[in-house]
Each structure stands twice: as C-alpha cells, then as structure tokens.
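Here's the structure we're looking at; comments come further down.
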Amino acid sequence: MRLLDRYLLRELLIPFGYCLGGFLIFWISFDLINQMSTFQRAHLKPMEIVMYYVVKTPGDLVFPMLPAAWLLAILYAMVHHARHNELIAMRAAGVSIWRVAMPYLVLGFLLSVGLFIINEFWAPEGAERAEAILKKQNTPKGASKRWVRNVTFSNGRGNRTWVIEAYDRQTGTMIRPHVKWTLATGTLCEINAERAGRTNDVWVFLNVKELTYIPIAGAVPLPEFKDVRAIPEFSETPAEIESEIKIGNIHSLRDIRKTQLSMMEIIRYKRLHPEDSPSMNMLDTKLHGRLAAPWTCLVIVLISLPFGAMTGRRNVFAGVASSIVICFAYFVLLQMGLALGSGGFVYPWMAAWSPNIAFSLGGILATWKFR
C-alpha cells in the first residue's frame, strides 16, 4: 500500500469511527427512551435490555446508521483535504481524482459486502431474538412463538398441502398433521397422523391413517392404519415450513416492511409457490431490495466524490450541502421505488436497483466533468 493510500485511509477511518460511534450512541439512546415503557411492562432486567440491543443493533446498521456515518466521514475527509489544498497538490503531482478515491471505493466495497452478510445472516435472526426477549415475560412459562397453531403449508411444485394443528418451530415436531397430495397418475392420497417429525432428513409419521383415492368411478378408498410411516418422497424441510409461517402473515406493505426476511427464505418460498399470487410482487421487491440495499455504501462514495472534492472554501461547503441533499433524495427515491415495486406498478428489480444505477451514473458523470 502506497504512503498516499495509508494517509487517505487514516484521515477517513478516524472520522468514520467517531461518526459511527456517535450514531450508535444517539440511536440506542433515542430507542431506549421510546422503549422504556415497553421494557417496564415486560419486566426486563438490565442484562436482558443489553442483550436486546446486542441482537437488534446489527440489523439497524444496514439502514440508516452505517450509510449515514459513512457519508459524513467521506464529506469530512474530502473537506479537510480541499480546505488545506491537498487535493490541488495531489492533482498537480499527476494523481487523478479517481486514484485519490480508490481507497474510498475499496473500503466502500468491503463495507457493502459486510452489510450484505449482516443483512442476510444476522439481521433476520436478530430481529426474532429481540422480539423473543421482549415477549418472554408476557407469555406463560414454556409457551411462546415456538409453537404455532393451525399451520397450512402448500407445496405447489410437489402438489402437496399440509394442515398442521400445532407445529414446533424449534424441533419441527408436528401434532396431528394432515397431508394431501396427488400422484402423477392422478391418484389422490391423504394421510392423517397423531404426530410427525423429521429424522435423518425423512418425515416420519406416527399412528397413521392413510387413504388412497383411485380415479375410478365408484371406487371407495379403504383406509390403512400403521403405527409408523416414513415417507422419503416428502422433500419439504423445516426451513421451508418456517418461511411459509413468516411469509403467510404478510398481507400489506406494512407487513412486508416490518417482517425481517432473508433472501434464502424468500427463495425457498418462491420455489414451493411457482404460481403467481398477490404477494409475489412484494416478495420479489423485498428480494431485490435486500440485495441492493448493502451497496449503498459504494453508491455514497460515487455521489459524494464530485461535491466533496470541490476546491475553495465556498465551493467546499456548497458541495457538502449539495451532496447531503442528493443523498437524502436518494434514500427518499429508494423508499418510493420499493413501495411502487411492492404495489406492482414497476418491475421489482427496477424498483430496487434504479436509485443505485441512476445515482451511481450521475456521480460518475459529475466526477468525470470535475476532473
């Protein structure tokens, strides 16, 4: 790494650390004040409140804390270099503005990758764990959202429908499951069992009553009773059932915004429901939105670069103000696009990616003219 890169990174990382720390303190303090009455009703202890923010905060980093701190840090660093004529000296030495921005672009890319990992693997689980901490004291001991009643699970690809009286989300145990499916020959099959569970990737049913409806006029199905019935043909997994439970409760834009879904959960649901449905636009927009959101850090570099790099004291502050306004417009258009995509007014990929593409191209063109 060249001496110039080390200097630029040092001048950027220090304000970035201060900005991110300040945003974290402000965000947690503000949320703590608003949630204090909720914590008191739940009778949470201090360590439980600490654990609540430990599992919840990483999901809040994706938006808006880390992008906002990243924006302010870049603007501060660029203003500092411009006010001390360091950018003029770099450009006079033959260093282009794109070369100066290279450390910012690399770090923005790494932050985007990190946010993608947090958004996919930590944020959904963290939101559920935070909700579980809040509701732990409000439910009878041993009863929580671990058990879900009256679960209906459809596998459109396998022509199977499950109706489960009670389902354990932790172990995958089913109480009184009822499964109906159609064979390739048109034969309708039906199973009623007292319990079911998944062992060695195979669904095993206990105390089973099985009916087979042969597509022949006048044929009467004869029930078969078995103590144990293993059906390896049932490819549904507990993870797919979990996706069905979470997505089945989504009926509006408010629900889709509130529910934390990973990309894999949405993909699993779409794999089992290949047919179109009113919620598919919302799910497709959510899928593209979760993929596009982390790259905000890279887009911010491209937006901030031409404005933060303006030389001259007046131009510097005008550039900072312009950059903040443009970034604010970016976030507003992003939310509007996601709403339009969820409503089916535009293509889901267009709703999620258009702000990134438009503002990135605008930043590149402005930087090209500035250079």
Rel. contact order, % - alpha carbon contacts under 8 angstrom, at least six apart, the chain: 16 percent
0 to 90° range, to nearest 10: angle between helix 97-117 axis and the chain longest Cα axis: 20 degrees
Whole-number percent relative contact order across the stretch 1-156, with pairs defined as alpha carbons under 8 Å at least 6 apart: 39 percent
Length gained when the stretch Ile28-Ile97 is fully extended (0.36 nm per residue, less Cα-Cα span): 21.1 nm
Kirkwood hydrodynamic radius of the stretch 159-234, Cα pairs, Å: 13.0 Å
Entries of Lys180/Lys209; Lys135/Lys270; Lys56/Lys246; Lys209/Lys270; Lys135/Lys246; Lys209/Lys246 with Cα pairs more than 20 Å apart: Lys135/Lys270; Lys209/Lys270; Lys209/Lys246
Whole-Hz ³J(HN,Hα) from phi, Karplus 6.51 cos²θ - 1.76 cosθ + 1.60, for the stretch 345-350, glycine and proline x: 7, 9, 5, x, 5, 5
Crossing angle, helix 238-248 versus the chain [Cα axis fit, 0-90 degrees, rounded to tens]: 70 degrees
Debye intensity ratio I(q)/I(0), log10, the stretch 1-144, q values 0.16, 0.17 Å⁻¹ (C-alpha model): -0.89, -0.96
Ascending count of other beta-carbon atoms within 10 Å, so fewest first, for Glu244, Glu236: Glu236, Glu244
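Taking 0.36 nm per intervening residue step and subtracting the Cα-Cα distance, what contour gain separates Leu110 from Tyr7 on full extension?
35.2 nm
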Average Cα contact separation per residue, the stretch 159-234, under 8 Å, 6 or more apart, as relative contact order %: 22 percent
Rounded to 10°, Cα long-axis angle of helix 313-342 versus longest principal axis of the chain: 10 degrees
Computed over the chain, the ratio Rg/Rh where both radii use C-alpha atoms and Rh is Kirkwood: 1.11
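Values quoted throughout were computed directly from the atomic coordinates according to the rules given, and no laboratory measurement underlies them. Note that the structure is a prediction, hence the values are computed from the model and not measured. Every residue, glycine as well, gets a Cβ built from its backbone with ideal geometry; the counts of neighbours run over all protein chains shown.
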